[in-house]
Amino acid sequence: MDKMQVYNPYLPTWEYIPDGEPHVFGDRLYIYGSHDRFGGKKFCMNDYVAWSAPVSNLTDWRYEGVIYKKTQDPRMPRGQHEMWAPDVVRGKDGRYYLFYCPDDAVKSIGVAVCDTPAGRYMFHGVVRDSEGGIIGEREGDTIPFDPGVFIDDDGEIYLYSGNGPRTRSAIGKEPKASTVMTLEDDMLTLKTEPKKLLPTLGEAEGTGFEGHEFFEASSIRRIRGKYYLVYSSVTLHELCYAVSDRPDGDYRYGGVIVSNCDLFPGEGGAPLCTYGNDHGGIECVDGRYYIFYHRQTNRTMFSRQGCAERIEILPDGSIPQVHITSCGLNGGALSGIGTYPASIACNLYGKQTPTISHPLAMGMRHPYITQSGEDWSPEMGGEAPEQYIANCRDGMTAVYKYFRFENAKSVSVTVRGSAGGRLLVKASPEGAAISAVNIAPSKTWTTYSSALNIRDGVSALCFEYEGAGRFDFLKFTLE
């Protein structure tokens with residue numbers, strides 16, 4: 001990754017960290033999330049790792065390594081369960097506490113602790129009531145899920161948890177709900193019992209949450225004296241927010257912050273890329289607010305990657321929905337000169353409307369992002385795999401937002417496959433072609449070039465394929 005720029009996904013393209021919870025501790029921004037495995041058959045198959053960046057330079061990400069292994073939890077000594085979306089908070093004692101739920105087979109909330117934000121966490125215990133009853137295992141408990149933790153200015157420790165049904169037929173089949181509870185200073189013992197918080201499907205009539213009911217992914221922040229609860233709605237692809245004057249109730253629906261397929265409620269339109277579940281949070285970094293979310297790759301929901309966008313919180317407290325982009329945390333448009341991975345496309349579609357990211361839904365009818373080689377980490381050594389766009393056919397469109405062009409004269413693409421045709425280059429999907437790059441069948445990566453006639457200034461860059469066959473798209477160069 002170019003140290004002077006960063007793009008979505010903001011971590012190296014071999015890394016798969018969804019459910020990202022951003023937290024500033026000291027002078028660094030830390031990302032805590034699940035850890036998917038490329039090619040995995042289930043969610044969150046790898047151990048927890050952390051990444052961090054200086055708050056003054058979000059282009060300079062550092063791999064912190066493994067912070068907590070599945071085998072450290074005595075409930076799963078063989079690592080036989082996945083560890084789903086976690087959250088981290090700095091406790092009153094100055095130590096850092098990681099809250100997490102394993103998969104649905106383990107219905108309780110685990111806690112690990114560390115003296116530093118990204119050191120080696122050690123198992124601390126399981127959240128229990130004052131009598132020792134494990135939260136989630138008691139009669140009448142709802143299923144713990146996606147814990148979010150928050151310590152208010154008055155020292156009260158709030159723990160958020162839960163999920164809800166996504167379909168009418170699923171209502172009532174399992175004890176699900178959005179809940180909030182408080183903890184004692186030991187970060188393990190319940191101080192107040194869980195109580196319902198946001199409405200789930202079947203409970204939203206007349207609340208303002210209709211169509212955007214709570215599904216999962218609770219993430220809480222206090223901003224300008226208000227409490228913002230970010231969550232994933234029943235649509236799967238969108239992160240919504242609710243606002244209250246208090247942390248434990250009276251939340252009103254705020255709106256959608258981001259959709260990982262770029263859908264805007266009430267505006268019609270179609271998904272602009274394949275989509276799936278979403279999870280993330282808001283963080284203020286060096287005076288600017290960002291929303292962190294994730295995207296799907298490899299025709300599944302089991303190989304997800306973290307993305308982020310800058311957001312604006314208006315004087316009235318509202319947050320306008322943002323488009324997903326390729327430039328993300330860059331602090332502005334990407335340079336109009338340089339070489340970029342094709343896989344940083346923020347919109348990717350073919351002639352058919354994008355579907356949920358699943359091989360049965362997608363088949364081989366849609367372009368998709370994948371990588372060469374197996375799952376990889378720095379501990380493995382050797383060469384990291386490269387991402388690319390696969391299965392590009394007639395009508396494939398890859399959109400990159402945004403670049404700052406200044407005297408760019410040519411464009412090159414590196415592709416392979418059976419395709420014979422041309423890639424039309426445009427400044428917007430609806431615009432006229434500003435270049436046409438002819439490509440031919442090739443079994444190996446081959447680079448083709450063409451002159452580029454684009455105005456100076458900030459704009460998107462789009463590649464649209466016309467022709468026969470199919471190809472893989474590795475990278476493009478602007479000169």
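Scanning segment 140-153 turns up no residue that is farther than 22 Å from residue 226 by Cα, exposed (fewer than 15 other Cβ atoms within 10 Å of the Cβ) and touching a strand residue (DSSP E or B) at 6+ places or on another chain (Cβ under 7 Å). Of the residues making up segment 313-369, those that are assigned to a strand (DSSP E or B) and within 23 Å of residue 469 (Cα to Cα) are 341, 347, 348, 349, 368, 369.
Could you list all residues from segment 216-227 that are part of a strand (DSSP E or B), farther than 16 Å from residue 20 by Cβ and touching a residue at least 60 places away in the same chain (Cβ under 8 Å)? Residues satisfying the conditions are 222, 223, 226. Reported count of residues in segment 1-23, each being in contact with a strand residue (DSSP E or B) (Cβ under 6 Å, 6 or more places away or on another chain) and of a type in the set (Val, Ile, Thr), is 2. For segment 403-479, the strands (runs of 3 or more DSSP E) that sit wholly inside it and include 2 or more residues that are surrounded by fewer than 16 Cβ atoms within 10 Å (Cβ to Cβ) are 433-439, 442-451, 457-468.
Being at positive phi, at pLDDT 95 or above and touching a strand residue (DSSP E or B) at 6+ places or on another chain (Cβ under 9 Å) is a property that holds for residue 469.
In a residue-by-residue description of segment 234-257, the property of being within 22 Å of residue 221 (Cβ to Cβ) and in contact with a helix residue (DSSP H, G or I) (Cβ under 9 Å, 6 or more places away or on another chain) applies to no position. Only a single item in (1) touching a Lys or Arg at 6+ places or on another chain (Cβ under 8 Å); (2) surrounded by 15 or more Cβ atoms within 10 Å (Cβ to Cβ); (3) not charged (D, E, K, R) is not met by residue 317, and it is number (2).
Selection over segment 282-297 of residues that are assigned to a loop (DSSP other than H, G, I, E, B) and buried (at least 22 other Cβ atoms within 10 Å of the Cβ) gives a count of 1. Among the residues of segment 88-103, the one identified as free of Cβ contacts under 8 Å to residues at least 40 places away in the same chain and under 23 Å from residue 133 (Cα atoms) is 102. Residues in segment 38-61 that are in a loop (DSSP other than H, G, I, E, B), in contact (Cβ under 8 Å) with a residue 60 or more places away in the chain and hydrophobic (A, V, I, L, M, F, W, C): 38, 43, 45, 55, 58, 61.
Taken over segment 155-188, residues that are in contact (Cβ under 8 Å) with a residue 40 or more places away in the chain and of a type in the set (Asp, Glu) amount to 2.
Annotation: of all residues in segment 363-394 being on the phi > 0 side of the Ramachandran plot and more than 23 Å from the chain's Cα centre (by Cα), the one that is surrounded by the most Cβ atoms within 10 Å (Cβ to Cβ) is 391.
The values are calculated or read from the model by the stated rules, or taken from the named source; none is laboratory data. As the structure is a prediction and not an experimental result, all values here were calculated from the model. Every residue, glycine among them, receives a Cβ derived from its backbone with ideal geometry; neighbour counts consider all protein chains shown.
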